[in-house]
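Trainee: The structure follows.
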Amino acid sequence: MLYLATFGVTLALVFACRRWVPALDERSLVDRVPGGRVYHPHRLWSMVAFLLCLTPLFFLSAVREGIGTDYYYTYTPRFLEILEGERTYYEIGFYWFNRVLGMFTDNPQWVFVTTSFIYMLCLGLAYYDAVDDLPFCIVILLVSGEYFVSLNNLRQAMASAILLLSFHFIRRGKWIPAFLLTALCSTLHQAMLLFFAVWVILILLKWIPLHRMLLLLSAGALLVYILLSVVPEFAEILFPERLLYYIKEAMYTEPTIGWPRGLMNAALLAFLLFTRYRAQDKRLDPMVIMQFLAVVVCLFDALLPAAYRILRLFTFWQLLSLPIAMERYSAVMKDRWWIKLLLIVLLGALCVHAIVIMRTEQVLPYRSIFHE
């Protein structure tokens, strides 16, 4: 209930902010440039106001204690090991993040405070930069389950939120900042290296139409699927060391995604494609590619160890793609309310099944550092 109450307060603050700060209601009147908006001083204040509205979500995340499977198993002991001079298995960026933090405090709780701050700040900036319907963004953050995942998978969630800022550069065709941001995120979580290949695909869209690119990616995915099915040794060439370790230790070798989530991602891909072609808006192309890759990962569920972790790399972008797609959809179709409701119900059902019933992230019940 505390989670729902916090999201309710956050939504109320966002709605109140739209009423009290005129800039949030007049965003459509702001001058626009190809691929983005012009930032005026009054919009800077409205952006700050929106970020402050996210404070309840930040506070709930920052003061958690023992939430998730990795709180005491990974992040707390690794921080204390780094204080004692051990290297640990962390990527270089996250290792130094802990080491620098250890110069100011020996309390591991500050790892969760600072990562929560970075997560909510980057997510808020990405939302404000790309989306008009900010309340819908908050709802998607809840029903998609990504906020609950961030309470457990701290490192990947923070890296994904930072990488989300690259959309600001991608839609403007500024690839150097996008690659640099990806390099930074890769030092926090090695899985972010995948996005170097994704950016190359997006660059190729300048010369290859989207439908042909999807056909090429489908053919490539089919070839890899056949090779993995017929020649299991091919995994030693394709998979990174962590996935090979899972195979060797027989960990996460069973399907971890499931057909309901696979069908949901396929339906979201169809929705994005319909919206993109109906609105004739190429700015949706990056989101279509992300969603297509999410569907591919779902199809590889039985062959890819810990496929659900890789899936999250791409479904995280739904936090932007769904609100943006709804805006494009509303530009050509007037009856958008039932589409919103359908998205909320279906995503919410999957979230309840995973978080509440299956307790996959073990974030229930909530416990704070103030609990006695």
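Trainee: In this structure, does T69 turn out to be closer than 14 Å to L151 by Cβ and assigned to a helix (DSSP H, G or I)?
Mentor: On the way: closer than 14 Å to L151 by Cβ: yes; assigned to a helix (DSSP H, G or I): no.
For T69, the condition - closer than 14 Å to L151 by Cβ and assigned to a helix (DSSP H, G or I) - is not met.
Table: residues versus (1) open to solvent by less than 20 Å² (accessible area, probe 1.4 Å); (2) among the aliphatic types (A, V, I, L, M); (3) closer than 24 Å to I324 by Cα; (4) within 22 Å of the chain's Cα centre (by Cα).
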{"residue": "L202", "(1), (2), (3), (4)": "yes, yes, yes, yes"}
{"residue": "L205", "(1), (2), (3), (4)": "no, yes, yes, no"}
{"residue": "Y246", "(1), (2), (3), (4)": "yes, no, no, no"}
{"residue": "T253", "(1), (2), (3), (4)": "no, no, no, no"}
{"residue": "A270", "(1), (2), (3), (4)": "no, yes, yes, yes"}
{"residue": "R278", "(1), (2), (3), (4)": "no, no, yes, no"}
{"residue": "Q291", "(1), (2), (3), (4)": "yes, no, yes, yes"}
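Trainee: I've got another one for you. Mind checking which residues of the stretch 243-266 are touching a residue at least 24 places away in the same chain (Cβ under 8 Å) and part of a helix (DSSP H, G or I)?
Mentor: Residues satisfying the conditions are L243, Y246, I247, P260, R261, G262, M264, N265, A266.
Trainee: Further question on the same structure: Tally time: how many residues in the stretch 184-219 are of a type outside the set (S, T, N, Q) and assigned to a loop (DSSP other than H, G, I, E, B)?
Mentor: Narrowing the stretch 184-219 to residues of a type outside the set (S, T, N, Q): 184-185, 188-189, 191-217, 219.
Subset that is assigned to a loop (DSSP other than H, G, I, E, B): 188-189, 205-209.
Number satisfying all stated conditions: 7.
Trainee: Which ones in the stretch 164-197 are among the aliphatic types (A, V, I, L, M), more than 24 Å from A307 (Cβ to Cβ) and within 14 Å of the chain's Cα centre (by Cα)?
Mentor: Going through the stretch 164-197, the residues among the aliphatic types (A, V, I, L, M) turn out to be 164-165, 170, 176, 178, 180-181, 183-184, 188, 191-194, 197.
When the remaining residues are screened for being more than 24 Å from A307 (Cβ to Cβ), the result is 165, 170, 176, 178, 180-181, 183-184.
Scanning the stretch 164-197 gives a single hit, L165.
Trainee: Still on this structure: Yes or no: R309 open to solvent by 70 Å² or more (accessible area, probe 1.4 Å) and in contact with a helix residue (DSSP H, G or I) (Cβ under 9 Å, 6 or more places away or on another chain)? Working first, answer last.
Mentor: Details: open to solvent by 70 Å² or more (accessible area, probe 1.4 Å): yes; in contact with a helix residue (DSSP H, G or I) (Cβ under 9 Å, 6 or more places away or on another chain): yes.
Yes; evaluated as a whole, the condition is true for this residue.
Trainee: Just wondering, is there one or more residues in the stretch 220-227 that are among the hydrophobic types (A, V, I, L, M, F, W, C), crowded, with 20+ Cβ neighbours inside 10 Å and not in a loop (DSSP other than H, G, I, E, B)? Working first, answer last.
Mentor: Start the filter on the stretch 220-227 by keeping residues that are among the hydrophobic types (A, V, I, L, M, F, W, C), which leaves 221-224, 226-227.
Now drop any that are not crowded, with 20+ Cβ neighbours inside 10 Å, which leaves none.
Looking for residues that are among the hydrophobic types (A, V, I, L, M, F, W, C), crowded, with 20+ Cβ neighbours inside 10 Å and not in a loop (DSSP other than H, G, I, E, B), one finds none in the stretch 220-227, hence no.
Trainee: Might you let me know whether the stretch 321-340 holds any residue that is open to solvent by 30 Å² or more (accessible area, probe 1.4 Å) and under 25 Å from N153 (Cα atoms)?
Mentor: Checking the stretch 321-340: not a single residue is open to solvent by 30 Å² or more (accessible area, probe 1.4 Å) and under 25 Å from N153 (Cα atoms).
Trainee: Further question: I'm trying to understand the selection: among the residues of the stretch 228-242, which are in a loop (DSSP other than H, G, I, E, B) and of a type in the set (D, E, K, R)?
Mentor: So in the stretch 228-242, the residues in a loop (DSSP other than H, G, I, E, B) come out as 231, 239-240.
Result: no residue meets the conditions.
Trainee: Please find, within the stretch 108-131, the residue that is nearest to A49 (Cα to Cα) out of those that are open to solvent by 40 Å² or more (accessible area, probe 1.4 Å) and modelled with pLDDT of 95 or more. Please lay out each step first, then the result.
Mentor: Within the stretch 108-131, the subset open to solvent by 40 Å² or more (accessible area, probe 1.4 Å) is 110, 117-118, 121, 125.
Remaining after also requiring modelled with pLDDT of 95 or more: 110, 117-118, 121.
Details: W110: 25, F117: 16, I118: 17, L121: 12 Å.
For the stretch 108-131, the residue satisfying everything is L121.
Trainee: Within the stretch 137-191, restricting attention to residues that are among the hydroxyl-bearing types (S, T, Y) and under 20 Å from P240 (Cβ atoms), which residue is most open to solvent (accessible area, probe 1.4 Å)? Can you show your working first?
Mentor: Here is the first cut: in the stretch 137-191, the residues among the hydroxyl-bearing types (S, T, Y) are 144, 147, 150, 160, 166, 182, 186-187.
After this cut, where a residue has to be under 20 Å from P240 (Cβ atoms) as well, the list is 160, 182, 186-187.
Working: S160: 8, T182: 0, S186: 17, T187: 40 Å².
Taking the candidates together, the pick is T187.
Trainee: Tell me which of these H168 doesn't satisfy, since it passes every other one: (1) touching an Asp or Glu at 6+ places or on another chain (Cβ under 9 Å); (2) farther than 18 Å from A294 by Cα; (3) part of a loop (DSSP other than H, G, I, E, B).
Mentor: (3)
Trainee: Hey, another quick one. Which condition breaks for P41 when tested against (1) loosely packed, with under 15 Cβ neighbours inside 10 Å; (2) farther than 30 Å from A191 by Cβ; (3) modelled with pLDDT of 85 or more?
Mentor: (3)
The values are calculated or read from the model by the stated rules, or taken from the named source; none is laboratory data. The structure presented is a predicted model; accordingly, all values stated were derived computationally and were not measured. Because the Cβ atoms are built from the backbone with ideal geometry, glycine has one as well, and the counts that use them run over all protein chains shown. Surface accessibility is based on the protein's heavy atoms, side chains included, excluding ligands, DNA and RNA. Shrake-Rupley method; radii C 1.70, N 1.55, O 1.52, S 1.80 Å.
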